[in-house]
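The values are calculated or read from the model by the stated rules, or taken from the named source; none is laboratory data. As the structure is a prediction and not an experimental result, all values here were calculated from the model. As a convention, Cβ positions derive from the backbone with ideal geometry for all residues, glycine included, and neighbour counts pool all protein chains shown. We work out accessible area using only protein heavy atoms, side chains counted, and drop any ligands, DNA or RNA first. Shrake-Rupley method; radii C 1.70, N 1.55, O 1.52, S 1.80 Å.
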Amino acid sequence: MDRLELQKLRDLPIEGVAERLGLQVVRHKCLCPFHDDHHASLSFSVRRNSYRCFVCGASGGTIDLVMHYLGKPFREACRWLAEGPPLLLPQGGGTARSESLPSGRFGGGRDLFFYARFFERPFLNDEARRFLYDERRIDPRVVRWCRLTSWRDKQGVPWLQIPYYNREGKLIGIQNRNLTPSRPPQGEALNHSPTGDKKSSPRGGLEGVPRFRFPSGSRCTIYNLPVLNLLKPGESLWITEGCSDCWAMLSAGHKAIAIPSATLLKRKDVEHLSLITHHLSLHLHMFPDRDEPGERLFMQLKELLPTLVHHQLPPDCKDFSEYFLTRK
């Protein structure tokens, strides 16, 4: 195992490793398995990605925890971590020690496999649950279908991680959305993001932390392409702008895909969609956002998808996500 592989094992969320070992982590603490503990003295540091018992002094990182808990030597502990099932982050939001997982170089081979594992058994931290279920009221079945997961970076910033798959189900891209609550100054308009979700301010609650982030090399293409495999000839397909509107449309019971944004629209992707539409005789529909960029995106799509039907949002709704909330 080379140095890069070892670092990946050390960067696995420490609380997720503890959960996989069978320890019950609550609010970053659990009963220490290394002495007769009755008061949850083993503490986990999310920022340092480490553990420490303030009674018996046991401490270390992910590999140390496996070695000491299972009584395995270093190599066997590494093998246990590498070959085990994907981790479930514990309640409260475990995190990797650095940003190397969500925002590092996105490539093929082992790196691609390493990313893909984190979406096989997704976990939502408290901020992700509030955003998806309380604020956006997204159907849990949609969250599972889209394999949305969450994480925290070393600064403690919560992120929603959104996977992009091609029609064959292969992971080809990842979008990270900052979940830090933020409000623009009174009277300041919300901005369109060049990376997908146009309904948020450009920064999160922490200074200098962007609202959106794509790992380097990640492909920004049409979102939710696997849904095309579920379409039958003559069915309707809805096109939305941004992932959030897509989740709302799916939650409303419609089959839907999303264009990340008008600025990232690729002609070859739309041409591919046009071929599928013609082959299946699909009926295409869209609720453009009630602004100039939304209408411009519709007109761009209309050039290559002439059967696309325009639907008008109510005057008090700027996008389909808001319209969806009024219908709940």
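Looking at region 219-315, the GluC sites (Glu not before Pro) that sit in a DSSP loop and have at most 14 other Cβ atoms within 10 Å of their own Cβ are 235.
Modelled spin-label separation between residue 37 and residue 54, with each label point placed 7 Å from Cα along the Cα-to-Cβ direction: 1.2 nm.
Rolling a 1.4 Å probe over the protein heavy atoms gives region 253-328 an accessible area of 53 Å² per residue. Spin-label model, residue 274/residue 310: points 7 Å from Cα along the beta carbon direction are separated by 1.9 nm. A full extension of the chain between residue 120 and residue 26 corresponds to an added length of 31.5 nm, given 0.36 nm per residue minus the alpha carbon distance. Each residue was assigned an accessible area with a 1.4 Å probe, and for residue 133 the value is about 60 Å². Checking the a/c ratio against 1.5 first, then a/b against b/c, what shape does the Cα gyration tensor give for region 234-302? It is oblate, given that a/c is not under 1.5 and a/b is not larger than b/c.
Accessible area ranking (1.4 Å probe, heavy atoms, ligands and nucleic acids excluded), largest first, for 165, 323, 51: 323, 165, 51.
In this structure, residue 168 and residue 47 have a Cβ-Cβ separation that, at R0 = 35 Å, corresponds to a calculated FRET efficiency of about 0.35.
At a 1.4 Å probe radius, carbon and sulfur cover how many percent of the accessible area of region 281-323? Carbon with sulfur: 58 percent of the solvent-accessible area.
Using θ = phi - 60° in the Karplus curve 6.51 cos²θ - 1.76 cosθ + 1.60, the 3J(HN,Hα) couplings for region 287-293 round to 9, x, 4, 7, 7, 5, x Hz; x is entered for Gly and Pro.
For region 13-20, backbone phi angles converted through the Karplus equation (6.51, -1.76, 1.60; θ = phi - 60°) give residue-by-residue couplings of x, 4, 6, x, 4, 4, 4, 5 Hz, Gly and Pro being listed as x.
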